[in-house]
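To start, the structure itself, in structure tokens.
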Amino acid sequence: MDHGKTDRRVTRTRHLLREALMSLMREQRYDSITVQNILDRADIGRSTFYSHYRDKEELLISGLDDIIHSLILTLENPGVQPDQHKLLSTEPLFKHAQDEFQLHKAIMGGHGINLMVQKIQKHLGRHIEDELRSWLKEDEAPAIPIPLMGHYVASVVLSLLRWWFDNNKPHSPAQMDAIFQQLVMPGILESMRPKG
């Protein structure tokens with residue numbers, strides 16, 4: 001048996017199933033999507049689905065890394081220093097969310113989607129930690145532990161994103177970034193002062 005051909009078939013099937021789920025999430029709430037909806041959209045049989053995934057939650061989790069990676073890439077902002085008063089630009093994230101409104105709305109709302117939000121927060125927090133560490137000299141330690149600051153900032157970003165969706169996007173992505181910077185940066189700059 002040609003394992004390369006089998007691997008390509010498995011990869012293709014999983015890709016079709018993930019794409020079907022993401023497509024459906026752009027149209028309706030995750031909670032209302034059934035395995036049969038996914039099968040119909042992907043044009044794949046039930047037994048094939050269950051040979052790859054236990055349920056739709058496992059399918060969703062399998063696609064999280066790609067989605068999270070895409071979201072984190074929108075936040076890349078190399079070379080920004082704390083004296084420039086900007087931690088990261090959230091404008092690209094809000095722009096991405098605006099362009100993919102239904103998908104982001106499905107991610108941020110609904111039951112059974114909490115795992116996805118937790119994973120996004122964890123990855124976003126790590127990205128922020130890396131950015132904060134780049135601001136420090138080798139022997140410096142901030143007054144507040146960096147993992148705690150990363151978790152806090154990621155929570156604020158996701159909270160603002162949820163508020164923005166719930167209120168029908170009343171501000172532009174640039175305005176939301178400005179609000180984020182005003183809310184977060186003063187405390188972060190103060191917290192980054194070395195201990196003692």
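The values are calculated or read from the model by the stated rules, or taken from the named source; none is laboratory data. Given the structure is predicted, the values throughout are model-derived calculations rather than measurements. No Cβ is skipped: glycine too gets one built from the backbone with ideal geometry, and neighbour counts run over all protein chains shown.
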Point to revise | Yes/no for ASP31 being in a helix (DSSP H, G or I) and without any contact (Cβ under 8 Å) to a residue 40 or more places away in the chain | key: no
**Study point:** Conditions (1) touching a residue at least 60 places away in the same chain (Cβ under 8 Å); (2) surrounded by fewer than 18 Cβ atoms within 10 Å (Cβ to Cβ): number failed by ALA178
**Key:** (1)
Point to revise | Matching residues in region 150-186 - criterion: being over 15 Å from the mean Cα position of the chain (by Cα), modelled with pLDDT under 90 and closer than 16 Å to GLY125 by Cα | key: MET185
Check your understanding: Got a number for residues in region 129-184 being outside any loop (DSSP other than H, G, I, E, B) and of a type in the set (D, E, K, R)?
Key -> 7
